[in-house]
Structure formats: C-alpha cells, structure tokens
1. Out of A91, A37, A59, report the one residue that is part of a helix (DSSP H, G or I), of a type in the set (A, V, I, L, M, F, W, C), more than 25 Å from H132 (Cβ to Cβ) and at pLDDT 95 or above.
2. Being of a type in the set (F, W, Y), surrounded by 14 or more Cβ atoms within 10 Å (Cβ to Cβ) and in contact with a Ser or Thr (Cβ under 8 Å, 6 or more places away or on another chain) is the requirement here; does Y167 meet it?
3. Give the residues of the range 75-88 that are of a type in the set (S, T, N, Q) and in a helix (DSSP H, G or I), sorted by residue number.
4. Condition (residue is of a type in the set (A, V, I, L, M), crowded, with 18+ Cβ neighbours inside 10 Å and under 19 Å from I173 (Cβ atoms)) applied to the range 64-85: is it met by at least one residue?
5. Out of K97, K24, I need the residue that is in a loop (DSSP other than H, G, I, E, B), among the basic types (K, R) and at pLDDT 95 or above. Which one?
6. Filter the range 100-133 down to residues that are part of a helix (DSSP H, G or I) and of a type in the set (G, A, S) and give me whichever is surrounded by the most Cβ atoms within 10 Å (Cβ to Cβ).
7. Right, G72: at pLDDT 95 or above and either under 18 Å from I142 (Cβ atoms) or outside any helix (DSSP H, G or I) (or both) or not?
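The values are calculated or read from the model by the stated rules, or taken from the named source; none is laboratory data. Since this is a predicted model, take the numbers as computed values, not measurements. Counting neighbours? That spans all protein chains shown, and the Cβs are built from the backbone with ideal geometry, glycine included.
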Amino acid sequence: MKNIIVAAILCLPFYWGCGKTDVKKAPQTPAASKKAANAGEYQNPDYHGLIEEYHNILAQDPHNLAAIIALGNAYYDSADWKNANIMYAYALLIDPKNADVRTDMGTAYRNRGMIDNALAEYRTALKDEPEHLNARYNMGIIYAYNKKDYQEAIRIWEEILNRAPNYPQTEKIKSMIRTIKNELKKDAR
C-alpha cells in the first residue's frame, strides 16, 4: 500500500504538468548565455530540464531523498507551488523532522494563499528545530503581511535579532520593523 501511495505522489506532478499550456523557452546557446551574462542579465535555469532529470532519477530510485527535495526545490523555484508542496510532503514522509523542507513547504503554502497551512508548517519546523531562523522569519512575514498582526510580527523579528544579530536578513528585518512602527505611529495620530 505504501508503494502505491509513493507511486501516486510521484506521478501526480507529471499528470498535472501535461495539462499546462504555457510554453517554456528553449535553453540558450552558450554564446547567447555569455552575452546575457555580460549584459548583467539574470538567466533562469532550465527548470523543465531539471524537473525532468529529477523525475528520471526518482523513476530509478523513488526513495532518493536528495532528488525528492531537489525536485521540490525546482518546482518551488519555478513558482509551481502546488507541485512543490507535493514533493515536500513526500520528502517529509521520509524525513519528517527536516526543518528546511518544512519551511519551504510552508512558504509554498503561503504563496498559494494557504496561510494557516503555512503557519502550521513553520510551527512544526520550530518545534523540531527551535533555532530555525528562516521558519521564524517567514512566520513574521505572515503575521505582518497576511494576518496584519503587526505586534506579533515585530515580536518574532526582534526575537531573531536577539538570537542571531548576524542573520542574513537582519537589515531587511530592521527596515520592516521601522516601517511598521512608523505606520503604527501615523495611524495612532
């Protein structure tokens, strides 16, 4: 029964992908890529190719956790949030305490508008790994921008600043806190 569920989970992204009508750009030639890089343009990876490659790996080894997570990340990076959630759920069947995967799953839920699911994933990530700062940071984002609970967002972000003053998002957090506090002061007038 477990093998049937695993097979179904692996096949769902393939079947959903068949119904899409958008056309992916063909990979650039090396000369075109070099020209774009020289122009300072960012080039998106060929997600379709990556996704296909990870599906091929998983066809041979359906329990390959690294490939499952990588496939979820390829879907995530290509903004295919639903398939990212499917692959992250599959990864969490194998490694349920993986806070990084759980946090990415929460963010994919948030991007799908499933705010309560996202918060649940962040909370579980923090239960499993209390020092997981990205889960905490993303919770603050939800409280500020989705729930409009600005005091809770500020509390969460200040907790990050106290725990890890050199966190990569420190300046962004400080800026968001300042902006929110300034807006709250304006509203109080």
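1. A59
2. Here the answer is no, as Y167 does not meet what is asked.
3. N83, N85
4. No: the range 64-85 contains no residue that is of a type in the set (A, V, I, L, M), crowded, with 18+ Cβ neighbours inside 10 Å and under 19 Å from I173 (Cβ atoms).
5. Going through K97, K24 in turn, the sole match is K97.
6. Here the residue is G106.
7. No; evaluated as a whole, the condition is false for this residue.
The rows are residues; the columns are (1) in contact with a Pro (Cβ under 8 Å, 6 or more places away or on another chain); (2) part of a loop (DSSP other than H, G, I, E, B); (3) β-branched (V, I, T); (4) at negative phi.
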position: Y143; (1), (2), (3), (4): no, no, no, yes
position: R155; (1), (2), (3), (4): no, no, no, yes
position: Y167; (1), (2), (3), (4): no, yes, no, yes
position: K172; (1), (2), (3), (4): no, no, no, yes
position: I177; (1), (2), (3), (4): no, no, yes, yes
position: D187; (1), (2), (3), (4): no, no, no, yes
